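Asker: Dumping the structure here so I can ask a few things about it.
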Amino acid sequence: MMKNLMTIIALVFTTAINAQTGYKIGETATDFKLKGTDDKMHSLAEVKDAKGYIVIFTCNHCPFSKLYEDRIIALQTAYQGKGYPVIAINPNDPKANPDDSFELMKERAKEKGFNFWYLFDDGQKIYPQYGATKTPHVFLLDNNKVVKYIGAIDDNAKDPAAVEVKFLENAINALEAGEKIDPETTKAIGCGIKVVQ
Amino acid sequence: MRITILAFILLISTSTLFSQIKVYEKFDDFEKELLQPTNDDTLYVINFWATWCIPCVKELPYFEQLNQKYKNEKVKIILVSLDFTTEQVINFINKKNIKNEVVLLTDSKTNTWIEKVDSSWSGAIPITLFLKGKQKDFHEKDYHNLEELETDLLKLKTIK
């Protein structure tokens, strides 16, 4: 009886895990070759002496992405030199939202003075592998592309001044110090990734 | 003169039809009032949306149609806006002539409450919850017509 119950529990548990898509903490993320707003193709492998990678799925149109633009610029300023570059990827299909076209990505990057690669997931092949569901959605990888943190940049999208916990920065600092990252995952409201139906 | 004043009052009263919506600054208050299991057999349809969310805005007419279709039944639709200001929402519902009840949830500590709505929710909107008694059905998707929405509604509605 007990054994049966355990089997059922195990079964339910596995089904629940299988139902999730995308990377979980500890899995190795894929590299990619995507075109940036500088008209060049970029990949993670290209970064010399990286200690990690801050991969952020973000876009032009989403109000939450816009709220974080300045904070993403600041992250790149603070962490690129330490070996943790920001790599931003727009996962949206411009057919579903014209504001997220490659041309408008270029415009936005220029307007805001983006100091990081802003890449276009042309054909939407990369975001489903990562399991990004919305923008912004952060994946912090270590130097072996192992996923260390998934989620939000901090705990207050609307008001940078009211932020109490900088989830992503804490995760990078813990990774740098070889300490345990806590929390490893967080959740925030965001814009669903746009796919043509 | 009197007619002008009367017309003016009338204008004010109709245009201020949606001058107020309930605002929840704390998720806990929202949860207590709207997400608790109920003893009545009303089916609650709770949709999380925002005026800036394109798929959310697209599906709102189906919730209006659902409201019309089930107005004589124990079905209550609540549209939970995650917008930043009340003004944005009020302007929008007046312009689009939204009849469903709209509330605003402004608790910015999203990491603390997204899991409480549903553990499987990623944080993307729209989402729709169907609640009846202790039953709960959660959908992280957008609806493309009334039929799709009604199909999910009927799943819980037929349960006694």
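Asker: Which whole number gives the average, over all residues in A:65-74, of C-beta atoms from other chains lying within 10 Å of the residue C-beta?
Answerer: 0
Asker: Note down the magnitude of the dipole of chain A about its Cα centre, charges +1 on Lys and Arg C-beta and -1 on Asp and Glu C-beta and zero elsewhere, to the nearest 20 debye.
Answerer: Dipole of chain A, to the nearest 20 debye: 380 debye.
Asker: Then there is this: What fraction of the DSSP beta bridges in chain A is antiparallel, stated in percent and rounded to the nearest 5?
Answerer: Antiparallel bridges: around 65 percent, rounded to the nearest 5.
Asker: Now for a separate question. Counting Lys +1, Arg +1, Asp -1, Glu -1, what net charge surrounds B:L60 among other residues with beta carbon under 12 Å of its beta carbon?
Answerer: Around B:L60, the charge tally is +1.
Asker: Moving to a separate point now. Just order A:69-75, A:93-99 by mean Cβ neighbour count inside 10 Å, highest at the front, would you?
Answerer: Peptide ranking by packing, descending: A:69-75, A:93-99.
Asker: Can you give the average number of partner chain beta-carbon atoms within 10 Å of each beta-carbon in peptide A:132-138, as a whole number?
Answerer: Other-chain Cβ atoms within 10 Å of each residue's Cβ, averaged: 2.
Asker: How far is helix A:167-177 tilted, in degrees, relative to the longest principal axis of the Cα atoms in chain A, given as a value from 0 to 90 rounded to the nearest 10?
Answerer: Result, in degrees: 80.
Asker: Something else about it: Take the eigenvalues of the Cα gyration tensor for segment A:17-76, scale each by 5, and report the square roots as semi-axes in whole Å, largest first.
Answerer: Sorted largest first and rounded, they come to 22, 19, 13 Å.
Asker: How high is the relative contact order of chain A, in percent, with contacts defined as C-alpha pairs under 8 Å that are six or more residues apart?
Answerer: RCO, chain A: 26 percent.
Asker: With the dipole of the protein assembly as shown worked out from charges on the C-beta (+1 for Lys and Arg, -1 for Asp and Glu) around the Cα centre, which of B:I93, A:N92, A:N115 lies farthest toward the positive end?
Answerer: B:I93
Asker: Give, as a single signed number, the net charge of other residues whose beta carbon lies under 13 Å from the beta carbon of B:F84, with Lys and Arg counted +1 and Asp and Glu -1.
Answerer: -3
Asker: A further question follows. For chain B, what D do you get in µm² per second when you plug the Kirkwood radius from alpha-carbon pairs into Stokes-Einstein at 25 °C and 0.890 mPa s?
Answerer: 146
Asker: Rounded to whole Å, give me the distance from the Cα center of segment A:152-197 to that of segment A:74-149.
Answerer: Measuring centre to centre over Cα atoms gives 14 Å.
Asker: Taking every pair of distinct Cα atoms and averaging 1/r, then inverting, what Kirkwood hydrodynamic radius in Å comes out for the protein assembly as shown?
Answerer: It is 22.4 Å.
Asker: May I pose another question? By how many degrees, between 0 and 90 and to the nearest 10, does the Cα long axis of helix A:2-19 differ from the longest principal axis of chain A?
Answerer: 10
Asker: Please give the helix A:102-112 orientation as an angle from the longest Cα principal axis of chain A, in degrees from 0 to 90, rounded to the nearest 10.
Answerer: The helix A:102-112 is inclined about 70 degrees to chain A.
Asker: What is segment B:18-112 by shape, rounded, prolate or oblate, if you read a ≥ b ≥ c off the alpha carbon gyration tensor as root eigenvalues and call it rounded for a/c under 1.5, prolate for a/b larger than b/c, and oblate otherwise?
Answerer: Verdict is oblate for segment B:18-112.
Asker: Taking a ≥ b ≥ c as the square roots of the eigenvalues of the Cα gyration tensor of segment A:107-163, is the shape rounded (a/c under 1.5), prolate (a/b larger than b/c) or oblate?
Answerer: oblate
Asker: Using a simple charge model, +1 on the beta-carbon of Lys and Arg, -1 on the beta-carbon of Asp and Glu, nothing else, what dipole does segment B:41-130 show about its Cα centre, in debye to the nearest 20?
Answerer: For this selection, approximately 260 debye.
Asker: Here is the link list: A:K51/A:K112; B:K58/B:K116; B:K99/B:K134; A:K194/B:K71; A:K110/B:K116; A:K24/B:K96. Which ones come out longer than 30 Å on Cα distance?
Answerer: Too far apart for the 30 Å limit: A:K194/B:K71; A:K110/B:K116; A:K24/B:K96.
Bear in mind these aren't lab numbers, they're just calculated from the coordinates by the rules spelled out. For clarity, every value in this text was computed on a predicted model and none was experimentally measured. Reconstructed Cβ throughout: ideal geometry from the backbone, glycine too, with neighbour counts over all protein chains shown.
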